[in-house]
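Below is one structure, written out as structure tokens; the observations come after it.
Bear in mind these aren't lab numbers, they're just calculated from the coordinates by the rules spelled out. Here the structure is a predicted model, which means the values were calculated and not measured. Quick reminder, even Gly has a Cβ in these numbers, built from the backbone with ideal geometry, and neighbours come from all protein chains shown.
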Amino acid sequence: MPQISRRTFLSGALALAAPAALSQPRDWWDVARQADALDQCRAIVIHQAGRRVLAERFRGPDFNQLIAIKSVSKTVVAALTGIALDRAEIPSMQSTLGELVPELIPSTADPKVKNITIENLVTMQAGLERTSGPGYNDWINSDNWIEDALSRPMVAEPGSQMQYSTGSYHILGAILSKFTGTSLLTLTRYRIGRPLNIDFPAWTRDPQGHYLGGNEMAMTITGMIRFGEMYRNGGMAGTNRVLSKEWVTRSQQAVTRSMFSGLGYGYGWFIGEKGGVSYSLARGYGGQIICIVPALELTVAITSDPTLPARTGGYFGYLMRLIENTIIPVAASQAA
């Protein structure tokens with residue numbers, strides 16, 4: 001008789017389980033078994049009230065190995081924006097490209113480009129045609145990524161709606177580099193990596209030498225948890241203040257909304273709610289997730305296969321149901 005692996009058994013058990021049973025999770029084991037049944041999921045780590053309550057690797061790299069966090073990088077760049085604002089290195093979130101970096105605006109750009117603000121970039125409401133999605137490869141194969149992004153046609157008024165675009169964060173990264181006098185890599189290592197004890201290896205640069213803002217960073221899953229816990233603790237890492245409490249609070253207030261997932265979006269974080277409990281989500285291609293639920297003192301990190309898509313109607317939808325229907329209820333029962 002052939003042997004049945006633990007993974008196969010769990011997948012079959014979940015397939016046979018009644019929906020009512022899955023909607024009434026009992027403990028962290030329920031979280032682990034449901035995550036394990038998702039072939040794309042590699043690992044999950046959960047902290048509650050500052051204590052690790054679950055750490056399971058199902059497949060893929062070990063906990064101490066660096067993984068590509070994809071667009072979770074955007075949330076890191078948003079944090080660096082908050083630090084620069086706290087240090088008065090950038091004047092305000094309403095400062096415009098015309099005021100800050102007129103030299104970056106190409107002559108072919110729409111006249112409205114000069115009115116795009118820092119807030120428009122961090123909330124991806126620049127109004128420019130997206131560089132993400134089908135056009136991503138063409139964008140990163142261009143000779144000048146900033147010029148390409150800023151030369152695209154205006155598809156909406158700046159500040160009017162979210163257009164998910166890595167180009168917005170790449171422009172933001174270049175602005176941070178200019179006004180702090182150092183590279184985005186150095187900023188990330190010294191302002192995020194050092195206080196949180198996270199190693200950030202060098203990543204992709206554009207043809208002009210700017211580190212890619214909004215993609216291609218790498219962390220361990222433990223580093224992802226530390227970053228999430230810093231936000232959950234109001235910008236503190238132990239006794240060290242990394243971000244102002246005001247920035248952390250503002251980051252988790254929806255400014256706009258994703259046309260794809262329906263989730264709100266603040267300063268680098270997607271914002272959702274389930275059963276009266278609000279959560280904030282950093283999301284990367286393939287299903288890289290950092291989720292914080294301040295009311296439940298909860299931080300979740302999930303790593304997934306970075307080579308496969310994770311759409312709202314597919315794997316990302318499964319992860320959202322795992323978070324909303326299992327993780328949050330279990331955390332609520334543990335906090336009660």
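Odds and ends about this structure:
- Enclosing the Cα atoms of the chain in their convex hull gives a volume equal to 137 cubic angstrom per residue.
- Set of aspartates and glutamates with alpha-carbon distance to Lys74 below 15 Å, sequence-local pairs under 8 removed: Glu119, Glu216
- The angle between the Cα long axis of helix 72-86 and the main principal axis of the chain comes to about 50°, on a 0 to 90 degree scale.
- Point-to-point label distance, Asp143-Thr186, nm (Cα→Cβ direction, 7 Å offset): 2.9 nm
- Estimated from helices alone, the mean residue ellipticity of the chain at 222 nm is -9000 deg cm²/dmol (sum of -39500 (n - 2.57) over DSSP H runs with n ≥ 4, per residue).
- Derived scalar couplings between HN and Hα for region 198-208 equal 10, 8, 10, x, 4, 10, 4, 10, 7, x, 8 Hz in order, rounded to whole Hz, by the Karplus curve 6.51 cos²θ - 1.76 cosθ + 1.60 (θ = phi - 60°), x for Gly and Pro.
- Measure of compaction for region 216-336 (Cα Rg per 2.2 N^0.38 Å): 1.03
- With θ taken as phi - 60° and the Karplus curve 6.51 cos²θ - 1.76 cosθ + 1.60 applied, the whole-hertz 3J(HN,Hα) list for region 38-55 is 8, 4, 7, 6, 9, 7, 9, 10, 10, 10, 9, 6, x, 10, 6, 10, 7, 8 Hz, x standing for glycine and proline.
- Amide H contacts for Ala43 (H built 1.01 Å from N in the peptide plane; partners 5 or more residues away or on another chain; cut-off under 5 Å): Phe58, Thr303.
- Amide H contacts of Ile90 (H built 1.01 Å from N, in plane; Pro and chain starts excluded): Leu85 sit under 5 Å, all sequence-distant by 5 or more or on other chains.
- Cut-off under 5 Å, modelled amide H: who pairs with Leu54 long-range: Ile46
- Folded to 0 to 90 degrees: helix 6-16 orientation relative to the chain principal axis, Cα: 90 degrees
- The separation of region 108-156 from region 206-221, counted between C-alpha centres, amounts to 17 Å.
- Placing dummy labels 7 Å off each Cα toward the beta-carbon, the span from Arg59 to Ala202 is 3.4 nm.
- Cross-linked pairs Lys114/Lys178; Lys114/Lys245; Lys112/Lys245: Cα-Cα separations exceed 26 Å for Lys114/Lys245; Lys112/Lys245.
- Per the Debye calculation on region 71-219 with a single equal scatterer at every Cα and no solvent contribution, log₁₀ I(q)/I(0) for q = 0.08, 0.14, 0.17 Å⁻¹ amounts to -0.19, -0.60, -0.91.
- Estimated vicinal HN-Hα couplings, Hz - region 310-318 in sequence order (Karplus 6.51, -1.76, 1.60; Gly, Pro = x): 9, 8, 4, x, x, 4, 4, x, 5
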